[in-house]
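Data block below; observations after.
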Amino acid sequence: MILEHALLPVKAGREADFESAFATARAIIAAMPGFGGLTLSRCVERPGTYLLLVEWRTLADHTVGFRGSADYQKWRSLLHHFYEPFPAVEHYEQVLSA
């Protein structure tokens, strides 16, 4: 399993609109092959920053399958205009758990 990690800096005052748009967009990503689940969390200290964690079966399920899909364009149109600056996305493999 691959864990996608993205810190999403949402423009000030747009948080409620972002959360509403994300509620719609989540159905898009959830329908993708290899999708395993996600969490979206809002930072307590910086309320305009969100942590998105997405589980993928493989890295290619995200980088090729999802990002290369027509549905990704819908995802982009719903969400990308909220970010300032655009978020960095990284992928992780689990080493240990407790």
Go through region 29-61 and give me each residue that's acidic (Asp, Glu) and surrounded by 13 or more Cβ atoms within 10 Å (Cβ to Cβ). 55, 61
Where a residue in region 42-71 is charged (D, E, K, R) and its partner, wherever it lies, is assigned to a loop (DSSP other than H, G, I, E, B), with Cβ under 6 Å and at least six apart: 55/1; 57/34; 61/34
Output for Cβ contacts, cut-off 9 Å, separation at least six or different chains, first residue touching a residue at least 12 places away in the same chain (Cβ under 8 Å) in region 76-97, second assigned to a loop (DSSP other than H, G, I, E, B) and hydrophobic (A, V, I, L, M, F, W, C), reads 84/12; 93/1; 94/1
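State yes or no: is residue 13 part of a loop (DSSP other than H, G, I, E, B) and either free of Cβ contacts under 8 Å to residues at least 24 places away in the same chain or under 20 Å from residue 62 (Cβ atoms) (or both)?
Values: part of a loop (DSSP other than H, G, I, E, B): yes; either free of Cβ contacts under 8 Å to residues at least 24 places away in the same chain or under 20 Å from residue 62 (Cβ atoms) (or both): yes.
Taking the combined requirement at face value, the residue satisfies it.
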Pick from region 1-45 the residues that are under 16 Å from residue 76 (Cβ atoms) and of a type in the set (Phe, Trp, Tyr): which of them is farthest from the chain's Cα centre (by Cα)? 18
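Here, each number is a calculation from the coordinates, and none is a lab measurement. Every value quoted in this text rests on a predicted model; they were computed, and no experiment measured them. Backbone-built Cβ (ideal geometry, glycine too); neighbour counts: all protein chains shown.
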